[in-house]
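The values are calculated or read from the model by the stated rules, or taken from the named source; none is laboratory data. Not measured: the values here are computed from a predicted model. FYI the Cβ positions are ideal-geometry reconstructions off the backbone, even for glycines, and counts take in every protein chain you see.
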Amino acid sequence: MMLRALLLALLLAAPPLMAEAGDPPRLMLADVFHDGDPIDLSAYWVSEKYDGVRGYWDGHQLWTRGGTPLHPPPWFTAGWPARALDGEIWGGRQRFAFTSAVIRRDAPDDPGWRQLHLMVFDLPAEPGDFNARLKALRTLFATPHAATLRLVEQVHVASPAALRAQRDAVVAAGGEGLVLHRGGAPYRAERNDDLLKYKPLDDDEAVVIGYTPGQGKYDGMVGALKVRRADGLEFRVGSGLSDADRRHPPAIGSTITYVYNGLTVHGVPRFARFLRVRADRPAH
């Protein structure tokens, strides 16, 4: 009874996620690439995977992947082209928490927004495959735009060993990993292997559906999050939670990102660890 009352109090005290969400923009989502997966590496462009918040510019309004309109200071988007841009709102390596905090504020925070950029990697409404869209992007960025827009560098990598070395160099420098984008791919608003993320650890998302009580030093706090994956699989995530997370856990209905080391024979994530709450998706 005491734990139940504590969790209810935590939920009522938790800060609200961003409101005003509408229909999510139709975006292309990445599948996962592992060492040894059979792909024609020469067919893919490679870029850094920026650890920020997915941002979609429809030509007039900036949106999160979850469909929440963002309201940066007017100067932030001044001079942006009147065409759709797909990218990542990014404040630098290992600064996800900072980036998330800035975009979640109701009132635009000029000092915070001045440290953010939209790292643009695609033109969703441009016809043709990614090779054609990348050519159009490079033409677009040949004319200077606002300093808050940056074009993501795309390169070809010669071999799996070179790809792994590039990933490891990015991670050693504080980055998250790489993205592989098949040059001959149309823009498909779904998760598919034309777009691949290549990281040292797997990650995925799940919705919080409950909590388990903590024991020992975590007595009176949350021991683990009960979560449900998109395919309906339910499991627990306890590792990776800080003491603050255990005192003020992610709200039921919120979406979290977790990392893990492969899957069991039953498809359950091995050693799932809490990473963060999805800042761009309201609780449901």
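Of note:
- Qualifying residue in segment 149-161 (condition: in a helix (DSSP H, G or I), touching a residue at least 60 places away in the same chain (Cβ under 8 Å) and surrounded by fewer than 19 Cβ atoms within 10 Å (Cβ to Cβ)): yes
- Cβ pairs under 7 Å, 6+ apart, first in segment 67-86 and among the β-branched types (Val, Ile, Thr), second surrounded by 15 or more Cβ atoms within 10 Å (Cβ to Cβ) and in a loop (DSSP other than H, G, I, E, B): THR68/MET18; THR68/ALA21; THR68/ASP280; THR68/PRO282
So that you can scan it fast, the table gives a plain yes or no per residue for (1) buried (at least 19 other Cβ atoms within 10 Å of the Cβ); (2) over 26 Å from LEU163 (Cα atoms); (3) in contact with a His (Cβ under 7 Å, 6 or more places away or on another chain):
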| residue | (1), (2), (3) |
| --- | --- |
| TYR187 | yes, no, no |
| ASP203 | no, no, no |
| TYR218 | no, yes, no |
| ALA230 | no, yes, no |
| THR257 | no, no, no |
| ASN261 | no, no, no |
| ARG270 | no, no, no |
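- Residue check, TRP63 in contact with a helix residue (DSSP H, G or I) (Cβ under 8 Å, 6 or more places away or on another chain) and either at pLDDT 90 or above or surrounded by 11 or more Cβ atoms within 10 Å (Cβ to Cβ) (or both): no
- All told, LEU137 meets the bar of being over 20 Å from LEU41 (Cα atoms) and either touching a Leu at 6+ places or on another chain (Cβ under 8 Å) or not basic (Lys, Arg) (or both).
- One residue from GLY220, GLY253 being in contact with a helix residue (DSSP H, G or I) (Cβ under 8 Å, 6 or more places away or on another chain), in a loop (DSSP other than H, G, I, E, B) and more than 18 Å from LYS199 (Cβ to Cβ): GLY220
- Among residues of segment 182-198 that are in contact (Cβ under 8 Å) with a residue 12 or more places away in the chain, those with a Cβ under 6 angstrom from a residue that is assigned to a strand (DSSP E or B) and basic (Lys, Arg), sequence gap 6+ or separate chain, pair up as ASP194/ARG182.
- For segment 173-211, filtering for residues that are of a type in the set (Lys, Arg), in a loop (DSSP other than H, G, I, E, B) and under 18 Å from PRO25 (Cβ atoms) leaves 1.
- Residue check, VAL170 buried (at least 17 other Cβ atoms within 10 Å of the Cβ), more than 16 Å from the chain's Cα centre (by Cα) and not in a loop (DSSP other than H, G, I, E, B): yes
- Among the residues of segment 129-147, just one is part of a loop (DSSP other than H, G, I, E, B) and at pLDDT 95 or above, namely ASP129.
- Count of segment 186-226 residues, restricted to those that are within 17 Å of VAL157 (Cβ to Cβ), of a type outside the set (Asp, Glu) and at pLDDT 90 or above, is 4.
- Segment 158-187 - residue that is among the charged types (D, E, K, R) and out of contact with any Phe, Trp or Tyr (no Cβ under 8 Å at 6 or more places or on another chain) and, of those, farthest from VAL53 (Cα to Cα): ARG164
- Residues satisfying the stated conditions in segment 104-155, i.e. in contact with a His (Cβ under 9 Å, 6 or more places away or on another chain) and of a type in the set (Val, Ile, Thr): THR148
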